[in-house]
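The values are calculated or read from the model by the stated rules, or taken from the named source; none is laboratory data. All figures in this text were calculated on a predicted structure; none of them were measured in a lab. When we count neighbours, we look across all protein chains shown, and the Cβ atoms used for this are built from the backbone with ideal geometry, even at glycine. Side chains are part of the model used for accessible areas, which takes the heavy atoms of the whole protein and leaves out ligands, DNA and RNA. Shrake-Rupley method; radii C 1.70, N 1.55, O 1.52, S 1.80 Å.
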Amino acid sequence: MNEVLRAMRERRSVRAYTDEVPSDDVISEVVEAGLWAASGMGRQGPVIVAVTNRELRDRLSRMNAEIMGRPGADPFYGAPVVLVVLAPRDVPTHVYDGSLVMGNLMLAAHALGLGSCWIHRAHEEFDSAEGRAILSELGLEGDYEGIGHCVLGYAAEVPEARPRREGRVILAR
């Protein structure tokens with residue numbers, strides 16, 4: 001079977017991570033894969049904020065947990081790395097473009113032996129005053145929408161695949 005198709009079938013959302021932090025080289029490879037995602041009219045609008053700083057990672061986790069209504073929880077499941085995908089709101093396809101970046105990040109992580117999971121609520125996080133302040137501190141200016149967090153790390157456990165639901169393909173020949 002083709003290795004890309006195999007990765008699509010084998011990748012799972014990981015919700016338990018070891019403490020081991022992936023190397024900068026491996027993180028860079030995952031980020032590079034995100035940059036190659038398709039985008040509407042080739043605009044390449046989405047940006048990736050690669051968070052390896054523990055203090056910032058924990059700050060984002062706290063914000064996300066509060067939005068989720070579970071203060072004190074870690075919605076990032078202990079993953080040591082967070083890749084935040086943001087996209088410029090003035091691009092009509094920004095949500096779709098950012099979603100394609102997220103897909104590439106997760107597939108690349110799997111191909112490189114990492115676990116990953118898409119964590120939502122980036123939209124709410126970066127629409128807040130604190131979220132906008134974080135982007136400003138990082139030097140990212142402009143009107144960006146948070147698309148998602150791709151959490152990364154070495155999987156402590158990987159869930160089994162669920163069977164695919166029937167009736168999801170309509171052939172129109």
At 1.4 Å probe size, with the rest of the protein present, what percent of the exposed accessible area of segment 27-143 is carbon and sulfur atoms?
54
Under a 5 Å amide H to amide H cut-off, with H placed in plane at 1.01 Å, what residues pair with V81 once short-range neighbours are removed?
L152
Suppose only helical runs count, i.e. DSSP H with n ≥ 4. What mean residue ellipticity at 222 nm does that imply for the chain under -39500 (n - 2.57) per run, divided by all residues and rounded to the nearest 500 deg cm²/dmol?
-12000 deg cm²/dmol
Whole-number D in µm² s⁻¹ for segment 36-106, Kirkwood Cα-pair radius fed into Stokes-Einstein, 20 °C, 1.002 mPa s
161
Could you give me the percent of Cα pairs per 5 Å distance bin for segment 35-77, shortest bin first, beginning at zero and ending with the bin that holds the maximum distance?
5, 20, 19, 13, 12, 14, 13, 4, 0
Check every DSSP H run in the chain and write down those whose alpha carbon atoms cover 20 angstrom or more along the long axis and whose mean Kyte-Doolittle hydropathy is 0.5 or greater.
94-111
Ranked from the most accessible area to the least, with a 1.4 Å probe and all protein chains present, what is the order of L112, L138?
L138, L112
Charge dipole (debye, nearest 20) of segment 1-123; +1 at Cβ of Lys and Arg, -1 at Cβ of Asp and Glu:
480
For I119, I170, the accessible-area ranking with a 1.4 Å probe, largest leading, is I170, I119
Working from the pairwise distances between different alpha carbons, so that the mean of 1/r is found and then inverted, what is segment 1-63's Kirkwood radius in Å?
14.7
Of (1) 44, 32, 31; (2) 49, 39, 34; (3) 46, 40, 34, the label for Cα extents along the principal axes in Å derived from the coordinates
(2)
Hey, what's the Kirkwood Rh for segment 55-96 if you take every pair of different alpha carbons, in angstrom?
11.8
Would you mind estimating how fast segment 108-147 diffuses translationally, via Stokes-Einstein at 37 °C and 0.692 mPa s with the Kirkwood radius over Cα pairs, in µm²/s?
282
